[in-house]
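The values are calculated or read from the model by the stated rules, or taken from the named source; none is laboratory data. Quick caveat, the model's predicted, so the values are computed rather than measured. In this analysis, Cβ positions are derived from the backbone assuming ideal geometry, glycine residues included, and neighbour counts consider all displayed protein chains. The protein model used for the area step is the full one, side chains on, heavy atoms only, and it has no ligands, DNA or RNA in it. Shrake-Rupley method; radii C 1.70, N 1.55, O 1.52, S 1.80 Å.
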Amino acid sequence: MASDIYQEAYQREKLLRKAAEQLLEDKSRELYASFEALQLAHQNLKENQKLVVQSEKMASLGVLSAGVAHEINNPIGFIYSNFCSMSEGLNDIHKFICAMGAVISEENDVAKIRAEWSNHFQQYDIEYLMEDFPSLSRETINGLERVKQIVADLKSFSREDSGAMDLVDINECLRSAVNILSNQTKYHATVDVEYGDVPKISGYFGKLNQVFTNLIANASQAVSENGLILLTTRCADGWIEVSVKDNGHGIAEEYLEQLFTPFFTTKPVGEGTGLGLSISHGFVQEHDGEILVASTVGQGTTFTVRLPVKKTV
Ligand SMILES: Nc1ncnc2c1ncn2[C@@H]1O[C@H](COP(=O)(O)OP(=O)(O)O)[C@@H](O)[C@H]1O
Ligand SMILES: [Mg+2]
């Protein structure tokens, strides 16, 4: 009798344990499945985020490229015309040398040679050419340097940062952002830059370049005619501070909290994507830094990027 009860209890317990084991197994399988789904969703999210960052970059690149084309076209125009003048001038110098070669080989009379020299000198306008050549070549070299600089800046803007951080010169990074946007700013705003003495820090040049480009583009869009944009870099208490100050329309208080939210924009479609600040915020966070904003409606806005000085790469 006692053994029957014991047997029954044992069977019941066995059944219960089996059911519990089955439940546990089902739950583990469910958990594993949802873990896999989560992992996939996370992977998708990461890929989407990359695409969003890339598309904001492409959108600003689209705006920039029109300006860049103009900016390159101008020096190319005068380089071309300078080269044409120089090539014509070289032709004349060549003719002068040939003519004088013929004179010298046929003539012994020094006075006649001198007379021919001054004749041909005038005929081919050698004096003018000699005066003109140095300034033409100086201008041409300047123009070529400008084109070279624009291309270098464009390259740094579209640069994909490799996985590892580099030592970044923040002043150089800012200078390249200013340069690349000069076509957007120069017609309606004055951009003053005060470069402070800042140490190189470990970071991603391309990402920081994109942050500065976004902030300057926003400042440029916020100011009207005769706008002022003041950029400063400085280092204090182990932090590098880059501030972008404008005397534009400012930001209403109710918007301040939303500035860094993706897709928040007050600009018309086609002009604003609402991604610049949110992406910049992410990039600055990757450097363990922060972006501060202070604004007064009707007076202007100052964005300050703070980056801790860390030198290990
Ligand atoms: N310097 C500035 N002055 C005034 N408003 C600004 C400034 N910078 C950003 N903003 C505001 O923040 C919003 C979000 O900026 P951002 O993320 O760069 O997107 P977008 O420029 O495409 O609108 C802007 O639409 C604008 O309302
Ligand atoms: Mg923007």
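Specify the angular offset, from 0 to 90 degrees and rounded to the nearest 10, of the alpha carbon long axis of helix 110-123 from the longest principal axis of the alpha carbons in the chain.
Once rounded, the angle reads 50 degrees.
Looking at Leu38, Gly101, Gly77, which one has the Cα that reaches farthest to the positive end of the dipole of the stretch 1-158 (charges on Cβ: Lys, Arg +1; Asp, Glu -1)?
Leu38
Straight-line reach from Lys27: which lysines fall under 26 Å, measuring Cα to Cα and dropping same-chain residues less than 8 apart?
Lys14, Lys18
Before I look further, what does the stretch 164-308 give for accessible area per residue, probe 1.4 Å, in whole square angstrom?
It amounts to 46 Å² per residue over the stretch 164-308.
I want the local charge near Val293. Using Cβ-Cβ distances under 15 Å, sum +1 for each Lys or Arg and -1 for each Asp or Glu among the other residues.
Net of charged neighbours comes to -4.
Would you list Val52, Val297 from the most to the least accessible area, probe 1.4 Å?
Val297, Val52
Along each of the three principal axes of the Cα atoms of the stretch 171-216, give the extent in whole Å, ordering the values from largest to smallest.
35, 21, 13
So, for the stretch 1-158, what is the accessible surface per residue at a probe of 1.4 Å, expressed in square angstrom?
Accessible area per residue, the stretch 1-158: 76 Å².
Hey, what's the per residue convex hull volume over the C-alpha atoms of the chain, in cubic angstrom?
270 Å³
Rounded to the nearest 500 deg cm²/dmol, what is the calculated helix-only ellipticity per residue at 222 nm for the chain, with -39500 (n - 2.57) per DSSP H run of length n ≥ 4?
That comes out to -22500 deg cm²/dmol.
Using only the C-alpha atoms of the stretch 164-308, find the volume of their convex hull and express it per residue in Å³.
Hull volume normalised by residue count: 109 Å³.
In whole percent, and with a 1.4 Å probe on the protein chains, what portion of the accessible area of the chain is carbon and sulfur?
Carbon and sulfur atoms account for 56 percent of the accessible area of the chain.
Using the structure shown, select from Lys245/Lys267; Lys46/Lys310; Lys207/Lys267; Lys46/Lys207; Lys207/Lys310; Lys155/Lys310 the pairs with a Cα to Cα distance greater than 22 angstrom.
Lys46/Lys310; Lys207/Lys267; Lys155/Lys310
With Cβ to Cβ distances under 14 Å as the rule, what net charge do the other residues near Leu230 carry (K, R +1; D, E -1)?
With Lys, Arg at +1 and Asp, Glu at -1, the neighbours total -2.
Between the stretch 139-202 and the stretch 283-313, what is the separation of their alpha carbon centroids in Å?
18 Å
Any chance you could tell me what percent of the C-alpha pair distances in the stretch 65-213 go past 25 Å?
More than 25 Å apart: 54 percent of the Cα pairs in the stretch 65-213.
Of Ser137, Cys235, Ser220, which is farthest along the charge dipole of the chain in the positive direction, counting Lys and Arg as +1 and Asp and Glu as -1 at C-beta?
Cys235
Send over the per residue convex hull volume for the stretch 135-216, Cα only, as a whole number of Å³.
Convex hull of Cα atoms, per residue: 121 Å³.
Lys148: which aspartates and glutamates have alpha carbons under 16 Å from its alpha carbon, excluding same-chain residues fewer than 8 sequence positions away?
Filter leaves Glu71, Glu139, Glu172.
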